[in-house]
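One structure below.
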Amino acid sequence: MNFEFFIAWRYLFSKKKQRFVSFITFVSALGIAIGVTALIVALSLINGFQKDIRDRLFQTSYHIMVLKSFSKTFTDYKDIEKKIKNTKGVILETPVLYKNVLISYGSNTSGGIIKGMPMDKIKKEWKDFLIDGKFVKSDKRLVYLGIGVSENIGVETGDSVKVFFPSFKLSPFGPLPSSKKFKIGGIIKSGLYEFDSVSILTDIKTLQHILNLKDDISYIGIKVKKIFEVEKIKKELEKKLGGSFMIVTWKELNKPLFSALKLEKTVMFFTIALIVFVAALNIIATLILLVIEKVKDIGILTSLGATPENIRRIFFYQGATIGVIGSIAGVILGFIIILIGNGFQLIKVPQEVYHIGYVRFYPEIKDILIIFFSSLTITFLTTLYPSKKAAEIEPAEALREE
């Protein structure tokens with residue numbers, strides 16, 4: 001330990017004759033710790049919310065969608081599906097045909113979206129969310145309802161429902177919407193309100209037959225191995241499929257949501273960082289008090305051979321020590337709060353609004369490092385002025401003060 005740091009440590013934590021200065025030192029370190037803790041907890045909360053929302057969305061939606069440009073449906077998708085399947089990074093490709101419909105049971109009616117998909121794909125994608133019934137390939141018309149749809153019309157697995165399609169047939173009473181009867185094969189609960197409240201799944205061949213579409217689909221849904229590589233995969237697909245297809249990624253579909261979350265995270269970082277800055281200003285007051293109190297000591301040290309650089313380092317080390325202690329304590333306290341918050345699920349939110357029951361804290365190493373080093377930088381900068389003033393004190397004037 002060099003003598004500058006040894007003296008700085010004694011000045012900060014010596015109990016003799018400077019209890020008030022020691023108290024100010026404690027308050028300064030505590031302020032920095034609270035600021036760092038608040039930043040870690042707040043950013044971890046936003047990270048957890050963003051990750052939970054993203055995970056929920058990906059459970060019920062595709063990472064990439066391939067649509068025909070200027071057309072609601074398209075045929076001859078088998079070759080396209082094969083090209084997609086052979087693209088590096090793709091783990092699932094599903095042809096989907098969908099229509100807006102009404103579903104009724106007795107006097108109860110609810111709006112919904114019926115999606116036709118190959119039954120093997122339905123089973124693969126939704127088996128973990130099927131809470132009642134089972135996925136079977138059958139000649140009978142089967143539908144699988146989101147739990148919100150089933151609760152709206154009051155049905156269970158095995159009941160028969162009537163589905164009204166947006167096409168009309170003539171009758172003695174004028175044009176009436178066409179309808180078909182379906183049997184409920186099961187109930188799905190994804191946990192995502194927007195899916196559970198409107199979705200109706202059925203075999204794609206059944207839906208194509210009802211709509212008099214030979215082999216038409218609305219789009220091909222794609223899931224990839226690494227969700228943040230969708231832009232790279234999109235470019236590869238554009239080369240393979242040509243300009244007649246429109247390729248949309250999850251980033252484009254959910255851009256407003258994730259842009260808002262990113263902006264909120266940035267604003268919160270700079271807002272709470274002001275707490276650290278204000279706490280760091282206390283270090284200036286602490287060091288100035290120490291300089292005033294230690295004028296005689298500065299004169300003695302200088303007369304014994306200490307250079308202005310040595311004096312500057314002594315007071316710089318004092319401020320740096322406060323900053324390091326406060327920053328480390330803030331990181332530790334932040335992790336303790338995160339562990340308690342996750343363990344007891346403290347942050348509850350309305351599931352029908354946010355799609356999740358509670359928000360997890362999800363600290364990212366990158367954020368922690370940015371917070372820690374930002375805190376140290378702020379505290380180091382606040383030590384420059386007091387340490388410079390201490391180094392400028394003339395030894396003769398310092399000794400004359402006594």
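The values are calculated or read from the model by the stated rules, or taken from the named source; none is laboratory data. Quick caveat, the model's predicted, so the values are computed rather than measured. Here Cβ is always computed from backbone atoms with ideal geometry, including for glycine, and neighbour counts include all displayed protein chains.
Scanning region 351-373 for residues that are touching a helix residue (DSSP H, G or I) at 6+ places or on another chain (Cβ under 9 Å) and either in the same structural domain as Gly191 (by TED's automatic domain parsing) or modelled with pLDDT of 90 or more (or both) yields a total of 11. Inspect region 226-238 for any residue being part of a strand (DSSP E or B), surrounded by 18 or more Cβ atoms within 10 Å (Cβ to Cβ) and not aromatic (Phe, Trp, Tyr) and give the result as yes or no. There is no residue in region 226-238 that is part of a strand (DSSP E or B), surrounded by 18 or more Cβ atoms within 10 Å (Cβ to Cβ) and not aromatic (Phe, Trp, Tyr). Scan region 98-135 for residues that are within 31 Å of the chain's Cα centre (by Cα), within 16 Å of Phe165 (Cβ to Cβ) and among the hydrophobic types (A, V, I, L, M, F, W, C) and report the count. Adding up the residues that qualify gives 2. For region 23-36, the condition holds for at least one residue, the condition being that it is without any contact (Cβ under 8 Å) to a residue 12 or more places away in the chain and outside the structural domain of Pro177 (by TED's automatic domain parsing).
Candidates are the residues of region 93-150 that are out of contact with any strand residue (DSSP E or B) (no Cβ under 9 Å at 6 or more places or on another chain) and among the polar types (S, T, N, Q); the one that is farthest from Lys72 (Cα to Cα) is Ser107. Restricting Glu229, Glu238, Glu309 to those that are of a type in the set (Asp, Glu) and assigned by TED's automatic domain parsing to the domain that holds Leu384 reduces the list to Glu309.
Among the numbered conditions (1) at pLDDT 80 or above; (2) assigned to a helix (DSSP H, G or I); (3) not polar (S, T, N, Q), the only one that Ile247 does not meet is (2). Picking from residues in region 322-380 that are surrounded by fewer than 15 Cβ atoms within 10 Å (Cβ to Cβ) and aromatic (Phe, Trp, Tyr), the one that is nearest to the chain's Cα centre (by Cα) is Phe344. As a summary of the residue check, Ser150 satisfies the conditions (1) among the hydroxyl-bearing types (Ser, Thr, Tyr); (2) assigned to a strand (DSSP E or B); (3) over 17 Å from Asn100 (Cβ atoms) except for the one numbered (2).
Return yes when Ser190 is among the polar types (S, T, N, Q), touching a residue at least 60 places away in the same chain (Cβ under 8 Å), crowded, with 16+ Cβ neighbours inside 10 Å and assigned by TED's automatic domain parsing to the domain that holds Asp132 and no when it is not. Criteria met by Ser190.
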